[in-house]
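Visitor: One structure, as structure tokens, below. Some questions next.
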Ligand code: DLZ
């Protein structure tokens, strides 16, 4: 029996708010760069397609996903951005620290969201193997970078 593939990044383009005039910081990890670059590029493409100006998108790289906390924190504290997207990829097979890194990044980014007014979007892919990460970074399950961009657009458009 054929398995129905589900694009996890599916969204209704008619319901995505414009990002015109909005400033977005994207911090991305170099670890598993084949994946994180594809996620970053997906996020940039979707932001541009929805009205964000190229000069209003700032990219910053950090060595690994754990450093996303620091990078996102610096971006948020700078007060230059309307939202910050944090992109990383942790693969279970690669590290016995898998759970520690995932929990650390999740807790660190969550804390920023409750402490500061700039929304931080969670773009950390956590998978069992490389193929699963490929499938979610422009493969059969879409691109989580697109999804992060759409999330950022919604969060920036909302009157809180
Ligand atoms: C050390 C490490 C390992 C083993 N695996 C990953 C990974 O799969 N994905 C990732 O983004 N980073 C990994 N890192 C690096 C850590 O995130 C961090 O850069 C180092 O522990 C230094 O703080």
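Visitor: Let me make sure I get this right: for the stretch 76-153, a, b and c are the square roots of the gyration tensor eigenvalues over alpha carbons, sorted descending. Under 1.5 in a/c it's rounded, otherwise prolate if a/b > b/c, else oblate. Which is it? If you can, show how the numbers build up before the last one.
Guide: Working: a/c = 3.41, a/b = 1.42, b/c = 2.41.
In terms of gyration-tensor shape, oblate.
Visitor: Which of the peptides 39-46, 53-60 is most tightly packed, and how do the rest follow, judged by the mean count of other Cβ atoms within 10 Å per residue? Could you put the intermediate results ahead of the total?
Guide: Working: 39-46: 22.5, 53-60: 13.8.
Per-residue Cβ counts within 10 Å, averaged per peptide and sorted highest first, yield 39-46, 53-60.
Visitor: Still on this structure, I have one more. In square nanometres, what is one fourth of the surface area of the convex hull spanned by the alpha carbons of the stretch 1-126? Don't skip to the end; give the middle numbers.
Guide: Numbers: hull surface 37.5 nm².
Projected over every direction and averaged, the Cα hull of the stretch 1-126 covers 9.4 nm².
Visitor: So, one more: Taking the mean number of other Cβ atoms within 10 Å as a proxy for protection, how do you rank 148-157, 106-115 from highest to lowest?
Guide: Numbers: 148-157: 22.4, 106-115: 14.2.
In decreasing order of mean packing, 148-157, 106-115 become 148-157, 106-115.
Visitor: Considering Cα pairs under 8 angstrom that are at least six residues apart, work out the relative contact order of the chain and quote it in whole percent. Intermediate values should be presented prior to the final figure.
Guide: On the way: 312 pairs, mean separation 53.4, N = 160.
Computed over the chain, the figure is 33 percent.
Visitor: If the label point is 7 Å along Cα→Cβ of residue 77, which residues in the stretch 99-121 have backbone nitrogen under 20 Å from it?
Guide: 104-121
Visitor: Now, a different point. Based solely on C-alpha atoms, express the radius of gyration and the Dmax of the stretch 110-160 in angstrom.
Guide: Using the Cα atoms of the stretch 110-160, the pair Rg, Dmax is 13.4, 39 Å.
Values quoted throughout were computed directly from the atomic coordinates according to the rules given, and no laboratory measurement underlies them. Everything quoted here is computed from the prediction, not taken from an experiment. As a convention, Cβ positions derive from the backbone with ideal geometry for all residues, glycine included, and neighbour counts pool all protein chains shown.
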